[in-house]
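A short write-up of the structure that comes next.
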Amino acid sequence: MSTATLAAFTEPDGPKDLLIRFMTVGGSHVDVTGPGQHSGKNRWNCHGCGDSSDRPEQDYLFRIRPDANSHAAVCRAISLR
């Protein structure tokens, strides 16, 4: 009989348009998703606290990457899903 090992922090499945994933200090993840570098329709979303980018129509990758990374560096929320 085999038993599955459950981890306290399981990485969520990545959406098909996942560009970058950061791990938060709380063990959750911040995903940057969208069409890519030259699009203003990228956004970031935190799986821990639920926060996300606040300018989805202006989110070029070079603008939101540092914001997503900064959020991951301070977010201590743990995803309960």
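The values are calculated or read from the model by the stated rules, or taken from the named source; none is laboratory data. Small disclaimer: the values here were computed from a predicted structure and weren't measured. Here the Cβ is made from the backbone with ideal geometry for all residues, glycine too, and neighbour counts use every protein chain on show. The accessibility values were calculated without ligands, DNA or RNA, using every heavy atom of the protein model including side chains. Shrake-Rupley method; radii C 1.70, N 1.55, O 1.52, S 1.80 Å.
For the range 33-55, which positions are part of a strand (DSSP E or B), over 20 Å from Leu80 (Cβ atoms) and of a type outside the set (D, E, K, R)? Please lay out each step first, then the result.
Here is the first cut: in the range 33-55, the residues part of a strand (DSSP E or B) are 33, 41, 43-46, 52.
Still in the list and also over 20 Å from Leu80 (Cβ atoms): 33, 41, 43.
Residue satisfying the conditions is Thr33 alone.
Candidates are the residues of the range 32-81 that are farther than 12 Å from Ile20 by Cα and of a type in the set (Lys, Arg); the one that is most open to solvent (accessible area, probe 1.4 Å) is Arg81.
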